[in-house]
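Have a look at the structure below, then the notes.
The values are calculated or read from the model by the stated rules, or taken from the named source; none is laboratory data. What you are looking at is a predicted structure, and each value in this text was computed from that prediction instead of being measured. Every residue, glycine as well, gets a Cβ built from its backbone with ideal geometry; the counts of neighbours run over all protein chains shown. Surface accessibility is based on the protein's heavy atoms, side chains included, excluding ligands, DNA and RNA. Shrake-Rupley method; radii C 1.70, N 1.55, O 1.52, S 1.80 Å.
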Amino acid sequence: VGGWQSVPDLLMEDATLSPLVAAVRETVIDYLAATLGAAAASSVLDVRLTGWANVNRRGDSNAMHEHLDQDWAISGVMWLDDGGDATCALRFADPRPLRMAADVGGDSEDDDGVAAAKPLAGQVVVFPAWLRHWVPAHCGDGSRVSVAFNAAVFVDGRELPEGGLAQPQPALV
């Protein structure tokens, strides 16, 4: 609601963003190591990213949504600037069925059952793509700038969405 978003594949198309791509890729692999175990994450993985920039000014927000495309298993955000307000955090809805029936999505930091990630410049937050999330209206005086992303992780031999099988790509690990 309001704000500005870049083209969907900005993260992969703009060469000046390659340091961000490296930081995002490393965070995704760390996330996999924490959730799947170090052995699984240390195998050769083909991490594919897509990402876009967001700029939210005072009053701009992002409605509740999730990333359900079958190929994107992991989503996340890297904040480049909190815009002078770290309190209007990225919010996550509790996925339990009874909580999903409750009214979630308000701007209050006191919503029961809602987790939040406060924006800190340089911080990357990774979460399952199916997790519903939103950003309440930005309260800062400056522009909040972030890069949001989706990641698909392919293990050697898995069928790729565009056809064929994933092949080892050790340079990506």
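Would you be able to say whether some residue in the stretch 147-164 is in a loop (DSSP other than H, G, I, E, B), modelled with pLDDT of 90 or more and surrounded by 12 or more Cβ atoms within 10 Å (Cβ to Cβ)? No: zero hits.
Remark: pairs (first residue in the stretch 108-132, of a type in the set (Phe, Trp, Tyr) and part of a loop (DSSP other than H, G, I, E, B); second residue modelled with pLDDT of 90 or more and open to solvent by 50 Å² or more (accessible area, probe 1.4 Å); Cβ separation under 6 Å; 6+ apart in sequence or on different chains) = TRP130/GLU66.
Checked against the criterion of being modelled with pLDDT of 80 or more, outside any helix (DSSP H, G or I) and among the β-branched types (Val, Ile, Thr), the stretch 24-34 has no qualifying residue.
Contact annotation: residue pairs with Cβ atoms under 6 Å, 6 or more positions apart or on different chains, pairing a residue in the stretch 58-80 that is charged (D, E, K, R) with a partner that is open to solvent by 50 Å² or more (accessible area, probe 1.4 Å), are ASP60/GLY2; GLU66/TRP130; GLU66/ARG132; ASP71/PRO161. Of everything in the stretch 15-36 that is free of Cβ contacts under 8 Å to residues at least 40 places away in the same chain and farther than 26 Å from TRP134 by Cβ, the residue that is least open to solvent (accessible area, probe 1.4 Å) is ALA33.
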